[in-house]
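First the structure, in the form of structure tokens, and then the observations on it.
The values are calculated or read from the model by the stated rules, or taken from the named source; none is laboratory data. Since we're looking at a predicted model, the values are computed, not measured. Using ideal geometry, Cβ is built from the backbone for each residue, glycine included, and neighbour counts are taken over all protein chains shown. Only protein heavy atoms, including side chains, enter the accessible area calculation; ligands, DNA and RNA are left aside. Shrake-Rupley method; radii C 1.70, N 1.55, O 1.52, S 1.80 Å.
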Protein chains: 2
Amino acid sequence: MVQYTDVGDVPAVEVQRLRAVYEPLAESVRQLIDATIRTEVDADTVAAVKAEIDAATARLRSKQCDGPFGVRYTTGGESMAWGNPVIGIRNPMAPPLTIQRDEDGLVFTDFHLGAAYEGPPGHVHGGVSALVLDHVLGEVASNRATPRFTGSITLRYLRPTRLGPLHAEARITRTDGIKAYAAGHLADDQGITVEAEGVFIQPKWARG
Amino acid sequence: MVQYTDVGDVPAVEVQRLRAVYEPLAESVRQLIDATIRTEVDADTVAAVKAEIDAATARLRSKQCDGPFGVRYTTGGESMAWGNPVIGIRNPMAPPLTIQRDEDGLVFTDFHLGAAYEGPPGHVHGGVSALVLDHVLGEVASNRATPRFTGSITLRYLRPTRLGPLHAEARITRTDGIKAYAAGHLADDQGITVEAEGVFIQPKWARG
């Protein structure tokens, strides 16, 4: 079962405080990931850095939650998907994407992908494009009252996507009861690179 | 253009030495990612750990390659996709997958996904399933003589995939000149969760 975590009546100011504590740490680890892939320092330096990282990990683990972060929400309706690998502000593998919505229901996001997301040399891994588009289509297909999970999704790759500044967007094309149909695309600085369409379905446990 | 890097006549023993230097560092950073998401230590400890990580990153960056890692190959034919976000032994965001092939042409992999890959609470992000399956289908559709990139891929989600031990596999269903059709699935400890099929196309620059 998919179980969300009700953290109770946590005031918005406390959510902001937690965010200010943990978000900069994830951003630092994001930089470390990039440096780990690209470094050319010698074996002795690598070994010394590794020992420092192991010590840092042990300090963080001295008090940690059991298992994954989950998705936590407050009585006030604030949702904290902070461990999410696409949007999670506490997840160093997330770029992370900031999802925006315009008044016409378009969901869009502008972000940057570097060395950690590389498949073909200098280009975004095709599966990373799928990861981003699955998330963005899922965002437009869902709302607070109606979560919807991917039923199926099809991705068409028009050409390789260059690493660097990217844009993704999606809109709902049709809804049909528990289902929402969404379509969108990923673009690099030269235009659209990947198109996506999918069906997103309200899970049984979330149906009134 | 997609440009691979010929590193020349590097002996296999030197490739092994480089692997032994950098692989353990990436594994340590992988643990740090997990700890960064799950830690509940106080603000002062987080700030101290963040400073240590920033110092470690600076040491690694004191000598690093320009831009992303690329895909490097030796005269002997050894391919080093070490920065790859699915299989890269130097990429901390990669699980990393170890790709295996049986004598009948099946490509398969057994791996573990934890907190960093979570979408719905306790379950794998649907886009991460897409990332893994895109890669595994791409592996079966390609070989050293004939690289093929994703043309299109469709994923069908049968039910949520639990975080933990997972299995993915793929096989070629048909080839047609520059195209290979591949199909496969992802499974958790309760059976198949996501099915995939795709068309993989040899890029123009790789056609004899």
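The lone criterion from (1) crowded, with 24+ Cβ neighbours inside 10 Å; (2) in contact with a Pro (Cβ under 8 Å, 6 or more places away or on another chain) left unmet by A:Phe111 is number (1). Output the residue which, of all residues in the stretch A:114-134 that are within 14 Å of B:Ala130 (Cβ to Cβ) and among the aliphatic types (A, V, I, L, M), is farthest from the chain's Cα centre (by Cα). Result: A:Val124.
For the stretch B:48-75, a residue qualifies if it is outside any helix (DSSP H, G or I), open to solvent by 60 Å² or more (accessible area, probe 1.4 Å) and within 7 Å of chain A (Cβ to nearest Cβ), and the qualifying residues are B:Ser62, B:Lys63.
Taking the stretch B:8-26, which residues are at pLDDT 90 or above and of a type in the set (D, E, K, R)? Show your work before the answer.
Of the stretch B:8-26, the ones at pLDDT 90 or above are B:13-26.
B:Glu14, B:Arg17, B:Arg19, B:Glu23 - these are the residues of the stretch B:8-26 that are at pLDDT 90 or above and of a type in the set (D, E, K, R).
Of the residues screened, B:Leu32 is one that is assigned to a helix (DSSP H, G or I), under 23 Å from A:Tyr117 (Cβ atoms) and touching a residue at least 40 places away in the same chain (Cβ under 8 Å). Of all residues in the stretch A:81-96, those satisfying the criterion of being more than 7 Å from chain B (Cβ to nearest Cβ), open to solvent by 10 Å² or more (accessible area, probe 1.4 Å) and not β-branched (Val, Ile, Thr) are A:Ala81, A:Trp82, A:Pro95, A:Pro96.
What about A:Gly105, is it assigned to a strand (DSSP E or B), in contact with a strand residue (DSSP E or B) (Cβ under 7 Å, 6 or more places away or on another chain), of a type outside the set (A, V, I, L, M) and touching a residue at least 24 places away in the same chain (Cβ under 8 Å)? So A:Gly105 fails the test.
Of all residues in the stretch B:15-26, those satisfying the criterion of being more than 15 Å from A:Ala55 (Cβ to Cβ) and either at the interface with another protein chain (Cβ under 8 Å from one of its Cβ atoms) or open to solvent by 30 Å² or more (accessible area, probe 1.4 Å) (or both) are B:Gln16, B:Arg17, B:Leu18, B:Arg19, B:Ala20, B:Val21, B:Tyr22, B:Glu23, B:Ala26.
Within the stretch A:131-183, the set of residues being within 11 Å of chain B (Cβ to nearest Cβ), among the aliphatic types (A, V, I, L, M) and within 25 Å of B:Pro121 (Cβ to Cβ) comprises A:Leu131, A:Val132, A:Leu133, A:Val136, A:Leu137, A:Ile153. For the stretch B:97-126, the candidate set comprises residues that are among the acidic types (Asp, Glu) and away from chain A (no Cβ under 13 Å); within that set, the residue that is farthest from B:Glu23 (Cα to Cα) is B:Asp104.
Checking the conditions here, which among B:Thr57, B:Thr5, B:Thr39 is among the β-branched types (Val, Ile, Thr), at pLDDT 95 or above and farther than 15 Å from A:Ala58 by Cα? Result of the check over B:Thr57, B:Thr5, B:Thr39: B:Thr57.
To keep it simple, each residue is scored yes or no on (1) in contact with a strand residue (DSSP E or B) (Cβ under 6 Å, 6 or more places away or on another chain); (2) open to solvent by less than 60 Å² (accessible area, probe 1.4 Å).
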position	(1), (2)
A:Val13	no, no
A:Leu32	no, yes
A:Val46	no, yes
A:Ser79	yes, no
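In the list A:Pro85, A:Pro120, which residue meets the criterion of being in contact with a helix residue (DSSP H, G or I) (Cβ under 6 Å, 6 or more places away or on another chain) and under 24 Å from B:Val136 (Cα atoms)?
Unique residue meeting the criteria: A:Pro85.
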